[in-house]
Amino acid sequence: MKFDAVLCGCGAMAKGWLRAIGQTPDLADKITIVGLVDVNRSAAEALAGEFGLGGAVIGTDLAEVLAETKADILFDVTVPTARFGVVSTALRAGCHVLSEKPMATSLAEGSALIDLAAETGRVHAIVQNRRFIAGVRRMRRFVESGAIGDLTGIHCDFFLAPHFGGFREEMDNVLLLDMAIHTFDAARFVADKKPLAVYCAERNPRGSWYAHGASANAIFEFADDVVFTYRGSWCAEGQRTSWESQWRLVGSKGMLTWDGADLFEAAVAGDEPGLLRGFAPVNVCGLQNEEETHGHASVIASFIEAIETGRDPETASSDNIRSLAMVFGAIESAKTGRRIEISA
């Protein structure tokens, strides 16, 4: 199948989407960018020039460009506050939609978009590209192997200090809403458990260049008595973690650690006598499907496959709302100081 696509939101992030399509032969063969939309027309024109999209319709009104191009797909790369209007417009125009995260700025809006996608019969999925990297896929497979017994805990550290400029530095709850959702979603994927409740403390530390919420510490309760803890900061100068976080998985028989890059270490209990029993190293299994490890390209491929086959994509909005609920549960807990149950 071939698809005509409109891309809405022509800032820096859009370049990653276009590179993923252009550098993946199967996607480049199936997808034609027929329209570019941005509130700043010059941004759309510049993107068209950079990526050789001279034939694309350029505009500032999404509904008009969708009507003119008769597109099959909308790629939504807009800022979160524009998400609901952009996705609603595209679904009502008959487009399948692949959106940047977060899928909405509230659970009510997220639920409304899920309902609208069902009503229109369109595929609506979210770019959770951190699921589609080798490390996360290997952790999921390792947990499924039972090598460290039953999973009991996931613990993640995320400490970086990016100076983005732009909308992120003006956002409320910036770490939780714009970045932590990646780790939350990946943890939910690795555990393959439903999130049940959260307690979170959020701060904007001294020295922060963000308006609000650059640091957060959260404890999540998952089904089957699994705990997920997250410690993070977006204004932590100095020795930083990976963008993918540093991970420790604790099981009933042993543990696995991943540095967020290339280093995996796993071990189970040894048989030495005494206070500590020592440990025995365990091999960490490799990839099962390399095609699932290309970040944006793998997300887009999953989305296209869903349209072609009628099967739900892995990051369908109806599933991704559970990751969004983790974020909003953490935000509510931080505001109220209470443990919050997660209902999605």
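Values in this text are rule-based calculations from the coordinates and carry no lab data. None of these values were measured; they are calculated from a predicted model. Counting neighbours? That spans all protein chains shown, and the Cβs are built from the backbone with ideal geometry, glycine included.
Using modelled backbone amide H atoms (1.01 Å from N, in-plane), which distant-in-sequence or interchain residues come within less than 5 Å of Ile58's amide H?
The answer is Leu36.
Rounded to the nearest 0.05, what FRET efficiency is calculated for Lys194 and Ser42 with R0 set to 35 Å and r the Cβ-Cβ distance?
0.15
For the chain, treating each Cα as an identical point scatterer without solvent, what Debye log10 I(q)/I(0) comes out at q = 0.08, 0.11, 0.12 1/Å?
-0.40, -0.75, -0.89
Taking 0.36 nm per intervening residue step and subtracting the Cα-Cα distance, what contour gain separates Val227 from Glu119 on full extension?
That works out to 35.3 nm of additional length.
Can you give the FRET efficiency to the nearest 0.05 for Glu144 and Ala211, using r as the Cβ-Cβ distance and R₀ = 35 Å?
Taking R0 as 35 Å, the efficiency between Glu144 and Ala211 is 0.30.
Find how much the distance from Thr152 to Arg339 grows on full extension, using 0.36 nm per residue of separation minus their present alpha carbon separation; answer in nm with one decimal.
Details: separation 187, 0.36 × 187 = 67.32 nm, distance 1.99 nm.
Value of the extension gain: 65.3 nm.
Greater than 26 Å separation of Cα atoms is the criterion. Which listed pairs, Lys15/Lys70; Lys15/Lys194; Lys194/Lys335, meet it?
With Cα atoms farther than 26 Å apart: Lys15/Lys194.
Between Trp243 and Leu276, what is 0.36 nm times their sequence separation minus the Cα-Cα distance? Round to one decimal in nm.
Going from the current span to full extension adds 8.5 nm.
Taking Lys253 as the anchor, which aspartates and glutamates have their alpha carbon closer than 13 Å to its alpha carbon, excluding any fewer than eight residues away along the same chain?
Qualifying aspartates and glutamates at Cα under 13 Å: Asp150, Asp271.
Quick one: if the Förster radius is 51 Å, what FRET efficiency do Ser252 and Lys2 give, using the C-beta to C-beta distance and rounding to 0.05?
0.55
According to the Cα gyration tensor, what semi-axes, each the square root of 5 times an eigenvalue, does the equivalent ellipsoid of the range 217-339 have, listed from largest to smallest in whole Å?
After scaling each eigenvalue by five and taking roots: 31, 24, 17 Å.
Which whole-Hz couplings ³J(HN,Hα) result when phi for each residue of the range 167-181 is put into the Karplus expression 6.51 cos²θ - 1.76 cosθ + 1.60, θ = phi - 60°, listed in order with x for Gly and Pro?
Couplings: 5, 4, 6, 10, 6, 7, 6, 4, 5, 5, 7, 9, 10, 4, 4 Hz.
Rounded to the nearest angstrom and ordered from largest down, what semi-axes does the equivalent ellipsoid of the range 269-344 get from its C-alpha gyration tensor (root of 5λ)?
Values: eigenvalues 251, 162, 19 Å².
Each semi-axis is the square root of five times an eigenvalue, giving 35, 28, 10 Å.
Using a simple spin-label model with points 7 Å from Cα along the Cα→Cβ vector, what separation in nm is obtained for Ala108 and Gln288?
So the label points at Ala108 and Gln288 sit 4.0 nm apart.
Counting helices only, and only those DSSP H runs with n ≥ 4, report the 222 nm mean residue ellipticity of the chain as the sum of -39,500 (n - 2.57) divided by its residues, in deg cm²/dmol to the nearest 500.
-10500 deg cm²/dmol
How much of the calculated P(r) for the range 121-243 lies past 25 Å, in percent of all Cα pairs? It would help to have the intermediate numbers written out before the result.
Numbers: 2256 of 7503 pairs.
Looking at the range 121-243, the distances longer than 25 Å represent 30 percent of pairs.
Would you kindly give the portion of the calculated P(r) for the range 139-207 that falls above 20 Å, as a percent of all Cα pairs?
43 percent
Suppose we keep just the alpha-carbon trace of the range 83-125; what are its Rg and Dmax in angstrom?
9.0, 24
Could you tell me the center-to-center distance, by alpha carbons, between the range 141-180 and the range 24-75 in angstrom?
When both Cα centres are located, 32 Å separates them.
Looking at the range 3-122, what % of the alpha carbon pairs are farther apart than 19 Å?
42 percent
Tell me which residues come under 5 Å, amide H to amide H, from Met103 once H is placed; ignore anything under 5 positions away on its chain.
For Met103, no residues qualify.
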